[in-house]
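Trainee: Next up is a structure, given as structure tokens.
The values are calculated or read from the model by the stated rules, or taken from the named source; none is laboratory data. As the structure is a prediction and not an experimental result, all values here were calculated from the model. Neighbour counts run over all protein chains shown; Cβ positions are idealised from the backbone, glycine included. For accessibility, only protein heavy atoms count, side chains too; no ligands or nucleic acids. Shrake-Rupley method; radii C 1.70, N 1.55, O 1.52, S 1.80 Å.
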Amino acid sequence: MIKIYHNSRCSKSREGLKVLENSGKKFEVVKYLEDIPTKDELRNVISCLGIKPINLVRKSEAIWKEKFKHLPLNDEEVLEAMITYPKLIERPIVINGNSAVIGRPASNIDQLLK
């Protein structure tokens with residue numbers, strides 16, 4: 001089952017959702033600001049993406065700049081920051097099986113739909 005971690009207030013996330021809607025495939029929408037992922041869920045997403053936790057952080061967010069930017073955080077601390085402040089999680093994230101992409105640009109999602 002395809003899953004999108006979605007923020008409806010984000011234009012890039014809405015573009016990613018549209019790609020999935022136009023694909024005709026079934027998918028699940030996770031509104032991650034309301035249904036905050038657990039640490040294990042985030043670990044799974046990061047594993048599917050093949051990245052380090054820090055690479056899933058929206059470093060341009062004011063929360064990051066104010067609270068975390070100048071701290072030497074380890075992976076666990078980065079995960080905690082994203083759980084505490086889910087707005088820090090990059091979006092949209094689309095997962096299909098054990099593969100995932102960050103849908104920036106939305107065309108990245110196409111590789112998961114083949």
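Trainee: Please list, in order along the range 97-114, the HN-Hα scalar couplings obtained from phi with the Karplus expression 6.51 cos²θ - 1.76 cosθ + 1.60 (θ = phi - 60°), rounded to whole Hz, x for Gly and Pro.
Mentor: Calculated HN-Hα couplings, in order: x, 9, 10, 8, 9, 8, x, 10, x, 4, 5, 4, 5, 3, 5, 8, 9, 6 Hz.
Trainee: At 1.4 Å probe size, put Met82, Met1 in order of accessible surface, largest to smallest. The partial results should precede the final answer.
Mentor: Working: Met82 0, Met1 150 Å².
The most accessible residue leads, giving Met1, Met82.
Trainee: I've got another one for you. I'd like the carbon and sulfur percentage of the solvent accessible area for the range 71-114, probe radius 1.4 Å, heavy atoms only, ligands and nucleic acids excluded.
Mentor: Values: 1030 of 2130 Å².
Roughly 48 percent, rounded to a whole number.
Trainee: Amide H neighbours of Ile93 under 5 Å, at least 5 residues apart or on other chains, H built in the peptide plane: list them.
Mentor: Excluding prolines and chain starts, which carry no amide H, the hits are Tyr5, Gly103.
Trainee: Considering only protein heavy atoms, with the full assembly of protein chains and a 1.4 angstrom probe, order Phe68, Phe27 by accessible area, largest first. Display every interim value, and only then the final one.
Mentor: Numbers: Phe68 30, Phe27 55 Å².
Sorted descending by solvent-accessible area, the residues read Phe27, Phe68.
Trainee: Translational D (Stokes-Einstein, µm²/s) of the range 1-46 at 25 °C and 0.890 mPa s when Rh comes from the Kirkwood sum over C-alpha pairs? Please report the intermediate quantities before stating the final value.
Mentor: Details: Rh = 11.3 Å.
Estimated diffusion coefficient is 217 µm²/s.
Trainee: Here's another thing I want to ask about it. With a 1.4 Å probe and all protein chains in place, put Arg91, Arg104 in order of accessible area, largest first.
Mentor: Working: Arg91 20, Arg104 85 Å².
Ranked from most to least accessible, the order is Arg104, Arg91.
Trainee: Under 12 Å from the 7 Å Cα→Cβ point of Arg58, by amide nitrogen: which residues of the range 2-18?
Mentor: Under 12 Å, as judged by backbone N against the label point of Arg58, lie 6-14 of the range 2-18.
Trainee: Then there's this: Under 13 Å from the Cβ of Ile46, count the other residues' Cβ atoms, weight Lys and Arg +1, Asp and Glu -1, and hand me the total.
Mentor: On the way: positive: Lys39, Arg43, Lys52; negative: Asp40, Glu41, Asp75, Glu76, Glu90.
Combined, the nearby Lys, Arg, Asp and Glu give -2.
Trainee: Then there's this: Kindly express, to the nearest 10 degrees and within the range 0 to 90, the angle between helix 39-49's C-alpha long axis and the longest C-alpha principal axis of the chain.
Mentor: The angle comes out at about 60 degrees.
Trainee: Something else about it: Rounded to the nearest percent, how much of the accessible area of the range 10-66 (1.4 Å probe, protein heavy atoms only) is carbon and sulfur?
Mentor: Working: 1600 of 3460 Å².
Of all accessible area on the range 10-66, carbon and sulfur atoms account for 46 percent.
Trainee: Still on this structure, I have one more. Tell me the per residue accessible area of the range 1-103 using a 1.4 Å probe; a whole number in Å² is fine. Show your work: numbers first, answer last.
Mentor: Values: 5820 Å² over 103 residues.
Result: 56 Å² per residue.
Trainee: With Cβ to Cβ distances under 14 Å as the rule, what net charge do the other residues near Asn22 carry (K, R +1; D, E -1)?
Mentor: On the way: positive: Arg14, Lys18, Lys25, Lys26; negative: Glu15, Glu21, Asp110.
Here the charged neighbours net out to +1.
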